[in-house]
1. Could you pull the accessible area for residue 103 with a 1.4 Å probe, rounded to 10 Å²?
2. Mind jotting down a quarter of the surface of the convex hull over the alpha carbons of segment 1-135, in square nanometres, one decimal?
3. Quick one: Karplus J couplings for segment 77-83, per residue in order, coefficients 6.51, -1.76, 1.60, θ = phi - 60°, nearest Hz, x for Gly and Pro?
4. Using a 1.4 angstrom probe on heavy atoms only, work out the carbon and sulfur share of the accessible area of the chain in %.
5. Can you pull the three principal axis extents for the Cα set of the chain, in Å, largest first?
6. Using the Cβ atoms and a cut-off under 10 Å, what net charge is assigned to the surroundings of residue 153, where Lys and Arg are +1 and Asp and Glu are -1?
7. With the alpha-carbon atoms as the only input, what is the per residue convex hull volume for segment 288-331 in Å³?
8. What translational D, rounded to a whole number of µm²/s, comes out for segment 95-166 from Stokes-Einstein when the hydrodynamic radius is the Kirkwood one over Cα pairs, at 25 °C and 0.890 mPa s?
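The values are calculated or read from the model by the stated rules, or taken from the named source; none is laboratory data. What you see is a predicted model; the values in this text were computed from it and never measured. Note: ideal-geometry Cβ built from the backbone for every residue, glycine included; neighbour counts use all protein chains shown. Ligands, DNA and RNA are excluded from the accessible area calculation, which covers all protein heavy atoms including side chains. Shrake-Rupley method; radii C 1.70, N 1.55, O 1.52, S 1.80 Å.
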Amino acid sequence: MNQLTDATPNAEKVIRATFRVDDNADAVRLFGQGDRNLNAIEEQFPVRFVSRGNELVIVGPPDDVGRVTRLLERLLSTLRSGNEITDQVVLHAMELTAAGDEEPLDDIYDDTIITTARGRRITPKTRGQKEYLKAMRANPIVFGIGPAGTGKTYLAMAQANAALKAGLVNRIILTRPAVEAGEHLGFLPGDLQEKVDPYLRPLYDALYEILGVNRFEKEMGRGVIEVAPLAFMRGRTLDDSFIILDEAQNATPEQMKMFLTRQGFGSRVVVTGDVTQIDLERGSSGLVQVQNILLDIKGIEFVYLTEADVVRHPLVTQIIRAYERYAEREG
(Lines give C-alpha, C1' and ligand atoms only; values in the text may rest on other atoms or scores of the structure.)
Protein backbone atom coordinates (compact mmCIF):
# COMPACT_ATOMS: atom_id res chain seq x y z
CA MET A 1 0.00 0.00 0.00
CA ASN A 2 1.34 3.43 -0.91
CA GLN A 3 2.26 5.70 1.94
CA LEU A 4 1.33 9.36 1.91
CA THR A 5 4.23 11.81 1.69
CA ASP A 6 4.51 15.58 1.72
CA ALA A 7 5.40 15.47 -1.96
CA THR A 8 1.90 14.46 -3.06
CA PRO A 9 1.52 15.69 -6.66
CA ASN A 10 -1.33 18.03 -7.60
CA ALA A 11 -2.04 18.56 -3.91
CA GLU A 12 -4.60 21.25 -4.71
CA LYS A 13 -6.71 18.65 -6.52
CA VAL A 14 -6.86 16.10 -3.75
CA ILE A 15 -8.69 15.87 -0.47
CA ARG A 16 -8.36 13.72 2.63
CA ALA A 17 -11.16 11.82 4.29
CA THR A 18 -11.12 9.61 7.35
CA PHE A 19 -12.85 6.23 7.44
CA ARG A 20 -13.08 4.54 10.82
CA VAL A 21 -14.12 0.99 11.72
CA ASP A 22 -15.14 0.76 15.38
CA ASP A 23 -14.52 -2.97 15.74
CA ASN A 24 -10.87 -3.98 15.35
CA ALA A 25 -11.76 -7.48 14.13
CA ASP A 26 -14.02 -6.00 11.45
CA ALA A 27 -11.21 -3.66 10.40
CA VAL A 28 -8.81 -6.57 9.92
CA ARG A 29 -11.33 -8.49 7.80
CA LEU A 30 -12.31 -5.41 5.80
CA PHE A 31 -8.76 -4.30 5.04
CA GLY A 32 -7.66 -7.86 4.24
CA GLN A 33 -4.57 -9.76 5.28
CA GLY A 34 -1.57 -7.55 4.67
CA ASP A 35 -4.00 -4.81 3.53
CA ARG A 36 -4.81 -7.00 0.52
CA ASN A 37 -8.23 -5.46 -0.08
CA LEU A 38 -6.96 -1.91 0.28
CA ASN A 39 -4.19 -2.62 -2.23
CA ALA A 40 -6.78 -3.90 -4.72
CA ILE A 41 -8.84 -0.73 -4.29
CA GLU A 42 -5.76 1.44 -4.81
CA GLU A 43 -5.11 -0.34 -8.10
CA GLN A 44 -8.66 0.35 -9.29
CA PHE A 45 -9.17 3.94 -8.11
CA PRO A 46 -6.78 6.93 -8.05
CA VAL A 47 -6.64 7.10 -4.26
CA ARG A 48 -4.12 6.22 -1.58
CA PHE A 49 -4.66 4.93 1.91
CA VAL A 50 -2.80 5.59 5.11
CA SER A 51 -3.83 3.09 7.76
CA ARG A 52 -3.70 3.90 11.45
CA GLY A 53 -4.96 0.86 13.30
CA ASN A 54 -8.67 0.65 12.58
CA GLU A 55 -8.72 4.07 10.92
CA LEU A 56 -8.01 4.95 7.30
CA VAL A 57 -7.08 8.25 5.74
CA ILE A 58 -8.21 8.27 2.09
CA VAL A 59 -6.36 10.68 -0.19
CA GLY A 60 -7.34 11.48 -3.77
CA PRO A 61 -9.59 13.52 -6.05
CA PRO A 62 -12.88 14.47 -4.36
CA ASP A 63 -15.15 12.33 -6.55
CA ASP A 64 -12.96 9.24 -6.16
CA VAL A 65 -12.58 9.70 -2.41
CA GLY A 66 -16.37 9.83 -2.20
CA ARG A 67 -16.76 6.69 -4.31
CA VAL A 68 -14.16 4.77 -2.32
CA THR A 69 -15.72 5.85 0.97
CA ARG A 70 -19.08 4.51 -0.18
CA LEU A 71 -17.37 1.36 -1.45
CA LEU A 72 -15.84 0.73 1.98
CA GLU A 73 -19.19 1.40 3.64
CA ARG A 74 -20.99 -1.18 1.49
CA LEU A 75 -18.22 -3.74 2.07
CA LEU A 76 -18.40 -3.13 5.82
CA SER A 77 -22.19 -3.54 5.73
CA THR A 78 -21.74 -6.81 3.83
CA LEU A 79 -19.22 -7.98 6.42
CA ARG A 80 -21.52 -7.12 9.34
CA SER A 81 -24.30 -9.10 7.69
CA GLY A 82 -22.22 -12.22 8.26
CA ASN A 83 -20.66 -12.49 4.81
CA GLU A 84 -16.98 -13.06 4.13
CA ILE A 85 -15.11 -10.35 2.24
CA THR A 86 -13.36 -12.44 -0.41
CA ASP A 87 -11.30 -11.24 -3.36
CA GLN A 88 -14.35 -11.84 -5.56
CA VAL A 89 -16.62 -9.76 -3.31
CA VAL A 90 -14.14 -6.87 -3.37
CA LEU A 91 -13.69 -7.13 -7.14
CA HIS A 92 -17.42 -7.17 -7.80
CA ALA A 93 -18.06 -4.28 -5.42
CA MET A 94 -15.36 -2.24 -7.17
CA GLU A 95 -16.82 -2.97 -10.61
CA LEU A 96 -20.30 -1.94 -9.48
CA THR A 97 -18.96 1.22 -7.85
CA ALA A 98 -16.99 2.15 -10.97
CA ALA A 99 -20.17 1.67 -13.02
CA GLY A 100 -22.15 3.94 -10.69
CA ASP A 101 -24.14 1.11 -9.06
CA GLU A 102 -24.02 1.74 -5.32
CA GLU A 103 -26.92 -0.42 -4.15
CA PRO A 104 -26.23 -2.56 -1.05
CA LEU A 105 -24.67 -5.97 -1.66
CA ASP A 106 -26.43 -7.64 1.27
CA ASP A 107 -29.45 -8.65 -0.81
CA ILE A 108 -27.13 -10.65 -3.09
CA TYR A 109 -25.05 -12.53 -0.54
CA ASP A 110 -27.80 -13.07 2.03
CA ASP A 111 -29.83 -15.26 -0.34
CA THR A 112 -28.72 -18.80 0.56
CA ILE A 113 -29.78 -21.35 -2.06
CA ILE A 114 -28.62 -24.43 -0.16
CA THR A 115 -25.92 -25.48 2.30
CA THR A 116 -23.35 -28.01 1.10
CA ALA A 117 -22.47 -31.24 2.86
CA ARG A 118 -19.54 -29.41 4.47
CA GLY A 119 -21.73 -26.60 5.76
CA ARG A 120 -20.79 -23.97 3.17
CA ARG A 121 -23.59 -21.67 2.07
CA ILE A 122 -24.13 -21.42 -1.66
CA THR A 123 -25.27 -17.91 -2.54
CA PRO A 124 -25.23 -15.68 -5.61
CA LYS A 125 -21.95 -13.79 -5.86
CA THR A 126 -22.94 -11.05 -8.30
CA ARG A 127 -26.03 -9.09 -9.22
CA GLY A 128 -26.25 -11.02 -12.49
CA GLN A 129 -26.23 -14.31 -10.60
CA LYS A 130 -28.96 -12.98 -8.34
CA GLU A 131 -31.14 -12.28 -11.38
CA TYR A 132 -30.37 -15.76 -12.71
CA LEU A 133 -31.50 -17.32 -9.43
CA LYS A 134 -34.64 -15.18 -9.41
CA ALA A 135 -35.45 -16.35 -12.94
CA MET A 136 -35.01 -20.02 -12.02
CA ARG A 137 -37.40 -19.64 -9.11
CA ALA A 138 -40.04 -17.88 -11.19
CA ASN A 139 -40.05 -19.67 -14.57
CA PRO A 140 -40.55 -23.25 -15.81
CA ILE A 141 -37.78 -22.80 -18.42
CA VAL A 142 -34.68 -20.64 -18.01
CA PHE A 143 -31.69 -20.17 -20.30
CA GLY A 144 -28.46 -19.11 -18.57
CA ILE A 145 -26.07 -17.85 -21.23
CA GLY A 146 -22.62 -16.48 -20.50
CA PRO A 147 -18.87 -17.09 -20.38
CA ALA A 148 -16.99 -19.64 -18.34
CA GLY A 149 -16.81 -19.07 -14.60
CA THR A 150 -20.12 -17.24 -14.20
CA GLY A 151 -21.70 -20.05 -12.16
CA LYS A 152 -24.33 -21.00 -14.75
CA THR A 153 -24.24 -24.74 -14.09
CA TYR A 154 -23.26 -24.68 -10.43
CA LEU A 155 -26.10 -22.36 -9.41
CA ALA A 156 -28.56 -24.39 -11.47
CA MET A 157 -27.46 -27.54 -9.65
CA ALA A 158 -27.75 -25.81 -6.29
CA GLN A 159 -31.27 -24.62 -7.17
CA ALA A 160 -32.19 -28.12 -8.38
CA ASN A 161 -31.13 -29.60 -5.05
CA ALA A 162 -33.02 -26.88 -3.18
CA ALA A 163 -36.15 -27.70 -5.19
CA LEU A 164 -35.69 -31.41 -4.46
CA LYS A 165 -35.23 -30.75 -0.75
CA ALA A 166 -38.36 -28.59 -0.68
CA GLY A 167 -40.40 -31.32 -2.38
CA LEU A 168 -41.05 -29.22 -5.49
CA VAL A 169 -39.64 -31.97 -7.72
CA ASN A 170 -39.03 -35.70 -7.28
CA ARG A 171 -35.76 -36.05 -9.14
CA ILE A 172 -32.90 -34.23 -10.81
CA ILE A 173 -31.77 -35.01 -14.34
CA LEU A 174 -28.49 -33.62 -15.63
CA THR A 175 -27.44 -33.92 -19.25
CA ARG A 176 -25.00 -32.51 -21.77
CA PRO A 177 -24.02 -33.25 -25.38
CA ALA A 178 -21.13 -35.67 -25.88
CA VAL A 179 -19.83 -33.75 -28.87
CA GLU A 180 -16.41 -35.37 -29.05
CA ALA A 181 -18.07 -38.75 -29.52
CA GLY A 182 -20.54 -37.42 -32.03
CA GLU A 183 -23.19 -38.94 -29.74
CA HIS A 184 -22.28 -42.36 -31.24
CA LEU A 185 -21.45 -43.76 -27.86
CA GLY A 186 -21.82 -47.38 -28.95
CA PHE A 187 -18.49 -47.21 -30.74
CA LEU A 188 -16.59 -46.33 -27.59
CA PRO A 189 -14.97 -49.05 -25.46
CA GLY A 190 -16.39 -50.08 -22.08
CA ASP A 191 -19.87 -50.23 -20.60
CA LEU A 192 -22.33 -47.33 -20.72
CA GLN A 193 -21.05 -45.69 -17.54
CA GLU A 194 -17.45 -45.82 -18.73
CA LYS A 195 -18.45 -44.36 -22.08
CA VAL A 196 -20.28 -41.32 -20.77
CA ASP A 197 -18.26 -40.52 -17.63
CA PRO A 198 -15.58 -38.38 -19.35
CA TYR A 199 -18.23 -36.05 -20.77
CA LEU A 200 -20.24 -35.81 -17.57
CA ARG A 201 -17.36 -35.53 -15.11
CA PRO A 202 -17.82 -31.76 -14.45
CA LEU A 203 -21.41 -32.45 -13.41
CA TYR A 204 -20.31 -35.20 -11.03
CA ASP A 205 -17.69 -32.91 -9.50
CA ALA A 206 -20.24 -30.21 -8.74
CA LEU A 207 -22.66 -32.73 -7.22
CA TYR A 208 -19.90 -34.19 -5.03
CA GLU A 209 -19.25 -30.73 -3.60
CA ILE A 210 -22.91 -29.88 -3.04
CA LEU A 211 -24.15 -33.21 -1.69
CA GLY A 212 -21.05 -35.04 -0.53
CA VAL A 213 -19.97 -38.34 -2.08
CA ASN A 214 -22.08 -40.60 0.15
CA ARG A 215 -25.37 -38.81 -0.40
CA PHE A 216 -24.66 -38.40 -4.09
CA GLU A 217 -24.07 -42.14 -4.53
CA LYS A 218 -27.18 -42.93 -2.48
CA GLU A 219 -29.40 -40.63 -4.57
CA MET A 220 -27.92 -41.98 -7.80
CA GLY A 221 -28.62 -45.52 -6.64
CA ARG A 222 -32.24 -44.65 -5.88
CA GLY A 223 -32.71 -42.95 -9.25
CA VAL A 224 -33.38 -39.58 -7.62
CA ILE A 225 -30.41 -38.11 -9.49
CA GLU A 226 -29.69 -39.11 -13.06
CA VAL A 227 -26.71 -38.01 -15.13
CA ALA A 228 -26.85 -38.93 -18.81
CA PRO A 229 -25.73 -37.74 -22.25
CA LEU A 230 -28.20 -35.70 -24.28
CA ALA A 231 -28.73 -38.51 -26.80
CA PHE A 232 -30.40 -40.57 -24.05
CA MET A 233 -33.18 -37.99 -23.57
CA ARG A 234 -34.91 -38.87 -26.85
CA GLY A 235 -38.37 -40.40 -26.51
CA ARG A 236 -38.81 -39.58 -22.82
CA THR A 237 -41.37 -37.43 -21.02
CA LEU A 238 -40.04 -36.11 -17.72
CA ASP A 239 -42.62 -35.20 -15.07
CA ASP A 240 -41.90 -33.64 -11.65
CA SER A 241 -38.21 -33.25 -12.50
CA PHE A 242 -35.59 -30.53 -12.41
CA ILE A 243 -33.76 -30.95 -15.72
CA ILE A 244 -30.48 -29.21 -16.55
CA LEU A 245 -28.93 -29.18 -20.02
CA ASP A 246 -25.30 -28.13 -19.67
CA GLU A 247 -22.93 -27.03 -22.48
CA ALA A 248 -26.02 -26.41 -24.61
CA GLN A 249 -24.03 -24.45 -27.21
CA ASN A 250 -22.94 -27.87 -28.48
CA ALA A 251 -26.49 -29.11 -29.01
CA THR A 252 -27.75 -28.99 -32.58
CA PRO A 253 -31.08 -27.28 -33.33
CA GLU A 254 -32.69 -30.71 -33.63
CA GLN A 255 -31.29 -31.80 -30.28
CA MET A 256 -32.42 -28.57 -28.62
CA LYS A 257 -35.99 -29.04 -29.87
CA MET A 258 -35.93 -32.68 -28.77
CA PHE A 259 -34.68 -31.74 -25.31
CA LEU A 260 -37.13 -28.90 -24.68
CA THR A 261 -40.09 -31.06 -25.67
CA ARG A 262 -39.16 -33.64 -23.01
CA GLN A 263 -40.56 -31.40 -20.27
CA GLY A 264 -43.55 -32.89 -18.47
CA PHE A 265 -45.98 -31.65 -15.83
CA GLY A 266 -44.40 -30.24 -12.67
CA SER A 267 -40.94 -30.04 -14.22
CA ARG A 268 -38.45 -27.21 -14.46
CA VAL A 269 -35.77 -26.85 -17.11
CA VAL A 270 -32.54 -24.88 -17.03
CA VAL A 271 -30.37 -24.67 -20.14
CA THR A 272 -26.82 -23.36 -19.75
CA GLY A 273 -24.17 -22.55 -22.30
CA ASP A 274 -21.52 -20.23 -23.69
CA VAL A 275 -22.11 -19.26 -27.32
CA THR A 276 -18.45 -18.25 -27.69
CA GLN A 277 -17.29 -21.84 -27.14
CA ILE A 278 -19.16 -23.86 -29.77
CA ASP A 279 -17.41 -27.14 -30.63
CA LEU A 280 -19.79 -28.37 -33.34
CA GLU A 281 -17.87 -29.22 -36.49
CA ARG A 282 -20.72 -28.37 -38.85
CA GLY A 283 -24.19 -26.94 -38.67
CA SER A 284 -25.54 -24.32 -36.29
CA SER A 285 -25.87 -24.29 -32.52
CA GLY A 286 -29.29 -24.94 -31.09
CA LEU A 287 -28.55 -22.48 -28.28
CA VAL A 288 -27.92 -19.68 -30.78
CA GLN A 289 -31.02 -20.50 -32.79
CA VAL A 290 -33.39 -20.93 -29.84
CA GLN A 291 -32.89 -17.31 -28.75
CA ASN A 292 -34.69 -16.19 -31.91
CA ILE A 293 -37.46 -18.76 -31.57
CA LEU A 294 -38.56 -18.68 -27.93
CA LEU A 295 -37.70 -15.14 -26.89
CA ASP A 296 -41.28 -13.87 -26.43
CA ILE A 297 -42.93 -16.88 -24.79
CA LYS A 298 -44.26 -16.30 -21.27
CA GLY A 299 -42.69 -18.66 -18.74
CA ILE A 300 -39.40 -18.82 -20.62
CA GLU A 301 -36.68 -16.40 -19.55
CA PHE A 302 -33.23 -15.78 -21.01
CA VAL A 303 -30.60 -14.55 -18.54
CA TYR A 304 -27.34 -13.23 -19.96
CA LEU A 305 -24.34 -13.32 -17.64
CA THR A 306 -21.17 -11.38 -18.47
CA GLU A 307 -17.54 -11.18 -17.44
CA ALA A 308 -18.74 -9.07 -14.49
CA ASP A 309 -20.32 -12.27 -13.12
CA VAL A 310 -17.17 -14.40 -13.31
CA VAL A 311 -16.42 -15.90 -9.90
CA ARG A 312 -13.16 -17.63 -10.69
CA HIS A 313 -9.67 -16.15 -10.47
CA PRO A 314 -9.65 -12.44 -11.45
CA LEU A 315 -7.43 -13.33 -14.41
CA VAL A 316 -10.35 -15.25 -15.93
CA THR A 317 -12.25 -11.98 -16.29
CA GLN A 318 -9.26 -10.37 -17.99
CA ILE A 319 -8.88 -13.34 -20.33
CA ILE A 320 -12.54 -13.16 -21.34
CA ARG A 321 -12.29 -9.43 -22.02
CA ALA A 322 -9.10 -9.93 -24.05
CA TYR A 323 -10.81 -12.52 -26.26
CA GLU A 324 -13.80 -10.20 -26.71
CA ARG A 325 -11.51 -7.37 -27.83
CA TYR A 326 -9.74 -9.75 -30.22
CA ALA A 327 -13.06 -10.89 -31.69
CA GLU A 328 -14.11 -7.25 -32.23
CA ARG A 329 -10.82 -6.45 -33.99
CA GLU A 330 -11.08 -9.50 -36.23
CA GLY A 331 -14.70 -8.70 -37.05
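1. In the full protein context, residue 103 sits at about 110 Å².
2. Over all viewing directions, segment 1-135 projects a mean Cα-hull area of 8.9 nm².
3. Here the 3J(HN,Hα) series is 4, 4, 4, 6, 7, x, 9 Hz.
4. For the chain, the apolar C and S fraction of the accessible surface comes to 49 percent.
5. So the three principal-axis extents are 75, 47, 41 Å.
6. Charge balance near residue 153 sits at 0.
7. Dividing the Cα hull volume of segment 288-331 by its residue count gives 98 Å³.
8. Estimated via Stokes-Einstein, D reaches 186 µm²/s.
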